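The values are calculated or read from the model by the stated rules, or taken from the named source; none is laboratory data. All values derive from a computational prediction rather than experimental measurement. All Cβ positions, glycine included, derive from the backbone under ideal geometry; neighbour counts span all protein chains shown.
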Amino acid sequence: MQAVQFAGHGDTDVIEYGDYPDPEVGSDEVLVEIRAGALNHLDLWVRRGMPGIDLEMPHVPGSDAAGVVREVGADVSRFSAGDRAALSAGVSCGDCEFCRNGQYTLCTGFHIIGEHVRGVHSEYAAVPEANLIPVPEGVDWAIAGSAPLVFQTAWRMLIDRAEIEPGESILVLGASGGVGHAAVQIAAYAGAEVYATGSTEAKLEAARELGADHVCNYEEESFADWVREETGKRGVDVVVDHVGGDTWRESIRALAKGGRLVTCGATTGPNPETDVRRIFWNGLSVLGSTMATPGQVDDVMELVWDGQLEPAIRETLPMSEAARGHELLEGREGFGKVVLVPDSVEEP
Ligand SMILES: [Zn+2]
């Protein structure tokens, strides 16, 4: 089969699209013929290399994809050949203390398809049955192949971790990013008052279209000052921060008393300074979150299949242009998901 792959870490020039051994299908696995799979910022980190992650090379990247089931292992019961399916990339063991308690994302062996093991930006992928979600007829492959990672991440952050309520004020940083644009939609769906930040007028307009009630260009002003002004000095109930180093202090400053900061990433650095006094005096909560449990994935994908939540698609490229796709994400100008389609697929 053909697969996006790289033999060593580096810039986008390490990416190739070419022959790769066909996947072997384990007894609990399903072979999926991939129709579309989105890029995530995670793919950039994996390509560049991350401390503590030692990949088998050449590595096939990709943590989002959807396609048609072609073959199932002997122990697979939920899927059969011809079914439509999308991948949810988080893998948990099912046996550890946390899994037995339903806390799958806290699994001691938790890992992500595409990040720690072979990914799915290829013509075929063999993945555990537990990682597949049925996709109804009529749902575009580009939608099915780009929603799972960012929508499950944002869903768990807001609904499970921050437990947002209708009428609460929610600030979403980087509202044009993958997780950001999902978080804006989910917060609006949950009946919250949505505040969003972005770096250009076009991105802010897009955030408004997705459901943001108030928008701030963080290049032009401090978003914490803006929030204080917009809320009559009160601050917001929840901040969704996937940025880390560059925004942490302001995120904490933007919170109302009793507010919650929920984080899922640190793209600008992992060690920001924290004014601890603000945390105890204002009774703040800092909540961590990664991916989501299978039940939460089902809940949020149901809303995607219904069209109530929808990933924005910026561009669809053949997998042979995967390097350009990575560059589009690195450039940070555009808005929405970049989707890759195997070159052999004529109508994605
Ligand atoms: Zn486990």
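Got at least one residue in the range 176-186 being under 20 Å from Thr267 (Cβ atoms) and outside any helix (DSSP H, G or I)? Yes, the range 176-186 contains a residue that is under 20 Å from Thr267 (Cβ atoms) and outside any helix (DSSP H, G or I). Among the residues making up the range 302-335, those that are assigned to a helix (DSSP H, G or I) and either modelled with pLDDT under 95 or farther than 21 Å from Thr153 by Cα (or both) are Met319, Ser320, Glu321, Ala322, Ala323, Arg324, Gly325, Glu327, Leu328, Leu329, Glu330, Gly331. Among residues of the range 90-102 that are touching a residue at least 40 places away in the same chain (Cβ under 8 Å) and under 19 Å from Val127 (Cα atoms), none has a beta-carbon under 6 Å from a residue that is near the ligand (Cβ under 6 Å from one of its atoms) and not hydrophobic (A, V, I, L, M, F, W, C) at least six positions away or on a different chain.
One line per residue, one yes/no per condition, for (1) surrounded by 14 or more Cβ atoms within 10 Å (Cβ to Cβ); (2) without any contact (Cβ under 8 Å) to a residue 24 or more places away in the chain:
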{"position": "Ser251", "(1), (2)": "yes, no"}
{"position": "Lys257", "(1), (2)": "no, no"}
{"position": "Pro270", "(1), (2)": "no, no"}
{"position": "Val276", "(1), (2)": "no, yes"}
{"position": "Ser285", "(1), (2)": "yes, no"}
{"position": "Pro294", "(1), (2)": "yes, no"}
{"position": "Asp298", "(1), (2)": "yes, no"}
{"position": "Leu303", "(1), (2)": "yes, no"}
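Examine the range 82-101 for a residue that is within 16 Å of Asn131 (Cβ to Cβ), of a type outside the set (Lys, Arg), more than 16 Å from the ligand (Cβ to nearest atom) and assigned to a loop (DSSP other than H, G, I, E, B), and state whether such a residue exists. Looking for residues that are within 16 Å of Asn131 (Cβ to Cβ), of a type outside the set (Lys, Arg), more than 16 Å from the ligand (Cβ to nearest atom) and assigned to a loop (DSSP other than H, G, I, E, B), one finds at least one in the range 82-101, hence yes.
Whenever a residue of the range 107-136 is in contact (Cβ under 8 Å) with a residue 12 or more places away in the chain, its partners that are within 16 Å of the ligand (Cβ to nearest atom) and aromatic (Phe, Trp, Tyr), lying with C-beta atoms within less than 7 angstrom and at least six residues away or across chains, give the pairs Cys107/Phe98; Thr108/Phe98.
Return the residue satisfying two criteria in turn: it lies in the range 102-143 and is in a helix (DSSP H, G or I) and either of a type in the set (D, E, K, R) or more than 18 Å from the chain's Cα centre (by Cα) (or both), and of such residues it is surrounded by the fewest Cβ atoms within 10 Å (Cβ to Cβ). Ranking the qualifying residues of the range 102-143, first place goes to Ala130.
With respect to the stated conditions, Ser146 fails to be in contact with a Gly (Cβ under 9 Å, 6 or more places away or on another chain), in a loop (DSSP other than H, G, I, E, B) and over 30 Å from Arg78 (Cα atoms).
Condition first: under 22 Å from His326 (Cβ atoms), within 16 Å of the ligand (Cβ to nearest atom) and touching a helix residue (DSSP H, G or I) at 6+ places or on another chain (Cβ under 8 Å). Now tell me which residues in the range 106-149 satisfy that. If the condition is that a residue be under 22 Å from His326 (Cβ atoms), within 16 Å of the ligand (Cβ to nearest atom) and touching a helix residue (DSSP H, G or I) at 6+ places or on another chain (Cβ under 8 Å), then Ile112, Ile113 are the ones that fit.
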